[in-house]
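Engineer: The structure's right below; bear with me while I get my questions together.
The values are calculated or read from the model by the stated rules, or taken from the named source; none is laboratory data. Source: prediction; values computed, not measured. Every residue, glycine among them, receives a Cβ derived from its backbone with ideal geometry; neighbour counts consider all protein chains shown.
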Amino acid sequence: MKSSLQGMRTWAAGAVAVAMTAFWGVQALAQDLMGQPTPKGIALQPAAAPLKHDAIFFHDVILMPIITIITLFVAGLLVWVIVRYNARSNPVPAKFSHNTTIEVIWTLVPVLILVFIAIFSFRLLFNYNDMPRPDLTVKAVGYQWYWGYEYPDHEVGEFISNMLPRDEAEAAGVPYLLAANQPMVVPVGKTVRVLVTAADVIHSFALPAFGLKTDAIPGRVNETWFTAEKEGVYYGQCSELCGVDHAFMPIEIRVVSQAEFDAWVASKGGNPAGLAATTEAEATAPTIDEAGVDAAAVEGESDEAAVAPQETAAPAAAAAAN
Ligand SMILES: [Cu+2]
């Protein structure tokens, strides 16, 4: 009995080691694609934003080892009971039905495990809620079955982002069902606040590489955020079953340099300096006039703006955009 227990322990320890090695080994071997799913990949998509790093840590370092150890432990117990206590090996069964010590243990240990998980779980949850001061805001509106994006800071009115048809996606060498004809474009390294809502039914704004998944609910504005760490194209999908074309309303976020972003905003008829002017005006009062003049000067209205220095940046910027 004693030796079989000992053997069981050794076997369990070995199995844990093998399982962990296999798990981490597969993770290390797989060269997962950035910003999109990897064929035959089993790990989470690589992180390209802080929240995803936190989520991957929670999954890989906290949850997976606990899940693996518990699964192997319970499976080991089952095997032990089957082998040791079947009718043949144990013809005279024990008659007791309770064991206070072991009941206290199997109540307390799971409680402690859950508390341990909760510490990290809440930390992750708080990270999602504690958005750093955003550098820009994008409003994402879910429709049956496409997304609309709007940049209020930059005075870019809503534009529609549809899925790229199969022939166009294949011709362009981009993933069909993930690529969009008009991506959401954001500057690299800037904190983007995404205001998420919907116009008809519930959708969900989800993008794995940034760790995003926020319900888009009609009549309600939800908020999420990300700070893209490197330039590139990142794909997500509507993740709330929303009707017959639910699978055909992808989310494509293109992360570019600040200069490219400014050029893109200008190409959309927006005001690339809109946010900078507003932020400056909010931050320090004396720069209000400067910001107003600068914004107007871009459009060659410097004379009018100069004689009306009391004007705040916002109206001047709005005038400049017209
Ligand atoms: Cu949807």
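Engineer: Residue under question is Ile202, and the condition is that it be within 16 Å of the ligand (Cβ to nearest atom), surrounded by fewer than 20 Cβ atoms within 10 Å (Cβ to Cβ) and closer than 10 Å to Val141 by Cα; does it hold? Break it down stepwise before answering.
Structural biologist: Working: within 16 Å of the ligand (Cβ to nearest atom): yes; surrounded by fewer than 20 Cβ atoms within 10 Å (Cβ to Cβ): yes; closer than 10 Å to Val141 by Cα: no.
Considered against the rule, which asks whether it is within 16 Å of the ligand (Cβ to nearest atom), surrounded by fewer than 20 Cβ atoms within 10 Å (Cβ to Cβ) and closer than 10 Å to Val141 by Cα, Ile202 comes out as no.
Engineer: Got a number for residues in segment 27-41 being in contact with a helix residue (DSSP H, G or I) (Cβ under 9 Å, 6 or more places away or on another chain), at pLDDT 90 or above and surrounded by fewer than 18 Cβ atoms within 10 Å (Cβ to Cβ)? Walk me through how you get there before you give the answer.
Structural biologist: First pass over segment 27-41, keeping only residues in contact with a helix residue (DSSP H, G or I) (Cβ under 9 Å, 6 or more places away or on another chain): 27, 34-37.
Applying the additional criterion that residues be at pLDDT 90 or above yields 34-37.
Narrowing the set further to residues that are surrounded by fewer than 18 Cβ atoms within 10 Å (Cβ to Cβ) leaves 34, 37.
Number satisfying all stated conditions: 2.
Engineer: Among the listed residues Pro175, Pro183, identify the single one that is farther than 16 Å from Trp147 by Cα, away from the ligand (no atom under 13 Å from the Cβ) and either touching a strand residue (DSSP E or B) at 6+ places or on another chain (Cβ under 7 Å) or in contact (Cβ under 8 Å) with a residue 60 or more places away in the chain (or both). Don't jump to the end; show me each part of the working.
Structural biologist: Details: Pro183 fails: farther than 16 Å from Trp147 by Cα.
Just one listed residue meets the conditions, Pro175.
Engineer: Among residues belonging to segment 135-159 that are away from the ligand (no atom under 14 Å from the Cβ) and of a type in the set (A, V, I, L, M), point out the one that is farthest from Ala206 (Cα to Cα).
Structural biologist: Val156
Engineer: Would you call Ala276 modelled with pLDDT under 95, among the hydrophobic types (A, V, I, L, M, F, W, C) and under 19 Å from Glu150 (Cα atoms)? Before the answer, list the steps.
Structural biologist: Numbers: modelled with pLDDT under 95: yes; among the hydrophobic types (A, V, I, L, M, F, W, C): yes; under 19 Å from Glu150 (Cα atoms): yes.
Yes; evaluated as a whole, the condition is true for this residue.
Engineer: Additional query: I'd like to check which strands (runs of 3 or more DSSP E) are fully inside segment 220-267 and have at least 3 residues that are surrounded by fewer than 19 Cβ atoms within 10 Å (Cβ to Cβ), within 16 Å of the ligand (Cβ to nearest atom) and touching a residue at least 12 places away in the same chain (Cβ under 8 Å). Talk me through it step by step, then tell me what you get.
Structural biologist: Working: elements: 222-227, 232-238, 250-256.
Output list is empty.
Engineer: When you go through (1) under 18 Å from Pro250 (Cβ atoms); (2) away from the ligand (no atom under 13 Å from the Cβ); (3) not in a helix (DSSP H, G or I) one by one for Glu170, which number turns out not to apply?
Structural biologist: (3)
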